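**Q** Here you go, one structure.
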């Protein structure tokens, strides 16, 4: 008998806020977290736009030995995970005595690698790099550090799936719990936010150059969109079996009912309508529902000309008759990359529990394909029961999650 899978804790370290209450307030207000980074301009970036994410201070909670191996995104992830664990009612002693796993999406650790190489080049002495650099520079910096600090005994790995990483991490956690292989997994996504991480993206003109008005730069589905805005931080969710949550007397926030996935098998960076539709159909089938049962879609839409157009076509092909509400929270956050698939699930759960739908800001004139969608350009008060979250990434990787209001 397959387990039902629920979410009992959430945490965020985001450009919209560093706790759930602050993030929800930003979502309701349609408040952008985008600003200008002068360091990027000095380095020769075409666009210095970025999500503004505070630097965590963990000195009062972690000792130097624990902190030394943590890259920037691992610090973000610790903050988000601490929040999620507190909401779920678990702590380190609980993790020591139970089989709790961790899967995080992360696909780079650029700053740590560059800093290590710079020391070697300048000093001609590898011993000056320091042992912490090993654990900062690996893609698995988040999971290896958190698993050690939190004394985790379950599944433990990092998932690298480009900008679908965070979504796939939740999906794999869901499958492990559904199959009875794990009772609880800390799932999430983390993205470093520094000038070293995004130079190559800027070099291919992926970013919006709209520096004159940072808050208006990220424009998913708008005909005048001209590129994405990089961002990041971390998002963490406590995903567990319904039987585990009930046994602990935990408060259940929402139920995860499906994980659809696919590979385009085509171009390395261009999106593909067929691939996206296969992930959508797989998720609907797994959830045992039809298009009419989806009330809201948090779209992947990043603000790139081709990406938003292909996703709009895929959504219209599947949901054209039922027209659920659609918005892209990236209009406020920018593209949180490896973190986005996890953070957007949390943003959407905040809407689900708060009976509202956050707006797709900066949407003035949808293009021809986007105009076919039921786009939300202003915050609306609306009680809904089920949402779908899309995440896509380079290499043609696609992930779709379906989450609903919990009911016995």
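Residues checked against (1) part of a strand (DSSP E or B); (2) crowded, with 22+ Cβ neighbours inside 10 Å:
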{"residue": "185", "(1), (2)": "yes, yes"}
{"residue": "189", "(1), (2)": "yes, yes"}
{"residue": "193", "(1), (2)": "no, yes"}
{"residue": "212", "(1), (2)": "no, no"}
{"residue": "219", "(1), (2)": "no, yes"}
{"residue": "234", "(1), (2)": "yes, yes"}
{"residue": "239", "(1), (2)": "yes, yes"}
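**Q** Got a sec? Which of 68, 36, 7 is farther than 21 Å from residue 232 by Cβ, surrounded by 14 or more Cβ atoms within 10 Å (Cβ to Cβ) and in contact with a strand residue (DSSP E or B) (Cβ under 7 Å, 6 or more places away or on another chain)?
**A** 7
**Q** Considering 333, 329, 304, which residue is closer than 23 Å to residue 51 by Cα, touching a helix residue (DSSP H, G or I) at 6+ places or on another chain (Cβ under 6 Å) and either assigned by TED's automatic domain parsing to the domain that holds residue 382 or surrounded by fewer than 24 Cβ atoms within 10 Å (Cβ to Cβ) (or both)?
**A** Details: 333 fails: touching a helix residue (DSSP H, G or I) at 6+ places or on another chain (Cβ under 6 Å); 304 fails: touching a helix residue (DSSP H, G or I) at 6+ places or on another chain (Cβ under 6 Å).
Result: 329 is the single residue among 333, 329, 304 that is closer than 23 Å to residue 51 by Cα, touching a helix residue (DSSP H, G or I) at 6+ places or on another chain (Cβ under 6 Å) and either assigned by TED's automatic domain parsing to the domain that holds residue 382 or surrounded by fewer than 24 Cβ atoms within 10 Å (Cβ to Cβ) (or both).
**Q** Looking at segment 371-393, can you tell me whether even one residue there is assigned to a loop (DSSP other than H, G, I, E, B) and under 20 Å from the mean Cα position of the chain (by Cα)? Break it down stepwise before answering.
**A** Taking segment 371-393 and keeping what is assigned to a loop (DSSP other than H, G, I, E, B), we get 373, 376-379, 382-385.
Checking the rest, the ones that are also under 20 Å from the mean Cα position of the chain (by Cα) come to none.
Within segment 371-393, none of the residues are assigned to a loop (DSSP other than H, G, I, E, B) and under 20 Å from the mean Cα position of the chain (by Cα).
**Q** Of all residues being free of Cβ contacts under 8 Å to residues at least 40 places away in the same chain and touching a helix residue (DSSP H, G or I) at 6+ places or on another chain (Cβ under 6 Å) in segment 74-129, which is surrounded by the most Cβ atoms within 10 Å (Cβ to Cβ)? Just the residue, please.
**A** Among those that are free of Cβ contacts under 8 Å to residues at least 40 places away in the same chain and touching a helix residue (DSSP H, G or I) at 6+ places or on another chain (Cβ under 6 Å), it is 116.
**Q** Just to verify a result, which residue in segment 10-33, among those that are part of a strand (DSSP E or B) and touching a residue at least 60 places away in the same chain (Cβ under 8 Å), is surrounded by the most Cβ atoms within 10 Å (Cβ to Cβ)? Before the answer, list the steps.
**A** At the first step, the residues of segment 10-33 found to be part of a strand (DSSP E or B) are 10-14, 17.
Within this subset, residues satisfying the condition of being touching a residue at least 60 places away in the same chain (Cβ under 8 Å) are 10-14.
Numbers: 10: 27, 11: 28, 12: 29, 13: 30, 14: 32.
The residue in question is 14.
**Q** Follow-up. Name every residue in segment 196-205 that is surrounded by 19 or more Cβ atoms within 10 Å (Cβ to Cβ) and either farther than 24 Å from residue 77 by Cα or touching a helix residue (DSSP H, G or I) at 6+ places or on another chain (Cβ under 7 Å) (or both), in order of residue number.
**A** The first filter runs over segment 196-205 and keeps only residues surrounded by 19 or more Cβ atoms within 10 Å (Cβ to Cβ), leaving 197-198, 202.
The answer is 197, 202.
The values are calculated or read from the model by the stated rules, or taken from the named source; none is laboratory data. No experiment lies behind these values; they were computed from the predicted model shown. In this analysis, Cβ positions are derived from the backbone assuming ideal geometry, glycine residues included, and neighbour counts consider all displayed protein chains.
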